[in-house]
Amino acid sequence: MISFKIVGKEEMELLMSTRLEMLRIVNGKPEDYQFSTELQEESRAFYEQGSYREVVAMDGGTAVGWATLCFLRMMPTFDHPTGRRAHLMNVYTKKEYRRQGIARTMVQMLIDEARSWGATEISLDATDMGRPLYESLGFRASDEAMTLCLRPSET
């Protein structure tokens with residue numbers, strides 16, 4: 001039976017292992033891939049500072065899915081008078097556990113967390129595989145966002 005829990009920095013090794021596993025798999029890296037010291041140190045620093053919620057799906061003692069919601073404070077606007085927004089990322093379910101509602105449950109838990117915090121908007125970057133799930137939960141594509149990459153991505 002799958003259980004779900006919100007974890008924080010007190011479970012740093014679980015946070016780090018799930019994050020690195022997801023990055024390795026999604027980016028097609030081999031199992032023995034060595035992540036840069038910078039990525040690992042910055043990931044730990046992010047988890048230490050605490051402006052996020054991480055949901056982990058567990059099958060017994062094994063993490064089988066995880067998702068992160070980052071809390072963002074922006075300048076308040078008419079549409080977002082609190083300036084509180086959130087960004088959903090790193091939604092991942094191990095291949096053999098997909099199509100069981102795990103990602104849906106994790107994302108819904110994080111939507112509830114965002115509401116409790118007073119966020120007025122949740123953004124995300126969707127893959128083609130994730131798009132139907134997000135749309136079914138009420139997310140809509142936006143023509144408003146533009147980005148400027150300030151650092152080339154790692155290849």
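The values are calculated or read from the model by the stated rules, or taken from the named source; none is laboratory data. Note that the structure is a prediction, hence the values are computed from the model and not measured. Cβ coordinates were reconstructed from backbone atoms using ideal geometry, including for glycine residues, and neighbour counts include every protein chain displayed. Heavy atoms of the whole protein, side chains included, go into the accessibility calculation; ligands, DNA and RNA do not. Shrake-Rupley method; radii C 1.70, N 1.55, O 1.52, S 1.80 Å.
Tabulated data
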| quantity | calculated |
| --- | --- |
| Förster radius 30 Å - calculated FRET efficiency between T82 and E48, Cβ distance, rounded to 0.05 | 0.75 |
| The chain, helix-only ellipticity at 222 nm - DSSP H runs n ≥ 4, -39,500 (n - 2.57), divided by all residues, nearest 500 | -10000 deg cm²/dmol |
| Inter-centroid distance (Cα atoms) of segment 101-147 relative to segment 55-83, Å | 9 Å |
| Distant-in-sequence amide H partners of Y52 (H built 1.01 Å from N, under 5 Å) | F71 |
| Within the accessible area of the chain (1.4 Å probe), percent carbon and sulfur | 52 percent |
| The chain, relative contact order in percent, only Cα pairs under 8 angstrom and at least six apart counted | 19 percent |
| Segment 82-155 - charge dipole about Cα centre, Lys and Arg +1 at Cβ, Asp and Glu -1, debye rounded to 20 | 260 debye |
| Extension gain from R73 to L14, taking 0.36 nm per residue of separation minus the Cα-Cα distance | 18.6 nm |
| Accessible area expressed per residue, segment 18-141, with surrounding protein chains retained (probe 1.4 Å, Å²) | 60 Å² |
| Shape metrics for segment 16-86, restricted to C-alpha atoms - Rg then Dmax, Å | 15.7, 49 |
| Hz values of 3J(HN,Hα) by residue in segment 80-97 - Karplus curve (6.51, -1.76, 1.60), Gly and Pro given as x | 9, x, 8, x, 8, 10, 9, 10, 8, 8, 6, 6, 8, 10, 4, 3, 6, 10 |
| Label point distance in nm, L133-R98, each placed 7 Å from Cα along Cα→Cβ | 0.9 nm |
| Trypsin sites (Lys or Arg not before Pro) restricted to segment 70-128 and DSSP loop, no more than 16 other C-beta within 10 Å | R98, R99 |
| Shape call, the chain: gyration tensor on alpha carbons, a/c limit 1.5 | rounded |
| HN-Hα J in Hz across segment 103-112 - Karplus 6.51, -1.76, 1.60, θ = phi - 60°, x for Gly and Pro | 4, 4, 4, 5, 5, 4, 4, 6, 4, 4 |
